[in-house]
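Have a look at the structure below, then the notes.
The values are calculated or read from the model by the stated rules, or taken from the named source; none is laboratory data. Computed from a prediction, not measured in an experiment: that's the story for all the values here. Cβ coordinates were reconstructed from backbone atoms using ideal geometry, including for glycine residues, and neighbour counts include every protein chain displayed. Note: accessible area is taken over every heavy atom of the protein model, side chains too, but ligands, DNA and RNA are not part of it. Shrake-Rupley method; radii C 1.70, N 1.55, O 1.52, S 1.80 Å.
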Amino acid sequence: MAFAFEDLQVYQKALDFAVSVITVIDEFDAPRKHFKLIEQIEASSTSIASNISEGKGRYSKKEFKQYLYIARGSLYETVTRLQIFLKLRWLKEESFKGLYIEAEEINKMLSGLINSIKT
């Protein structure tokens, strides 16, 4: 692979998660006035992989670790929006559970990577 971040399993999982979220969101029939919420979940879900890759390209381990914290924050933000969509009944329970399981795995991977970086 050409870029160092592409070798990170957590990056690959985050990339797949973003695609899964966007695919599920595309099936929504949300009221037109709520498109901003849909844009926000697309932004937060894609931000996870984006921050992992951006952090890997930074100069120091300390900076990389900071970007991993930001990625984890974006993951939490995405899960919160998924919970809102579930409560609004825009998202089916089955879809929510699948995405939640993916999010839990990414969370564990991010936490493990964060803890492994000695700064």
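Numbers at a glance
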quantity	calculated
Within straight-line cross-link reach of K56, lysines at Cα separation under 20 Å, skipping those fewer than 8 residues along the same chain	K13, K65, K108, K118
Exposed-site-free run, longest, the chain (rule: trypsin sites (Lys or Arg not before Pro); DSSP loop; at most 15 other C-beta within 10 Å)	1-57
Apportionment of accessible area to carbon and sulfur, segment 49-114, percent (1.4 Å)	51
Euclidean distance between Cα centres, segment 1-54 to segment 72-98, Å	13
GluC sites (Glu not before Pro) restricted to DSSP loop in segment 1-82 with at most 12 other C-beta within 10 Å	E27
Segment 1-64, accessible area per residue, ligands and nucleic acids excluded (1.4 Å, Å²)	63
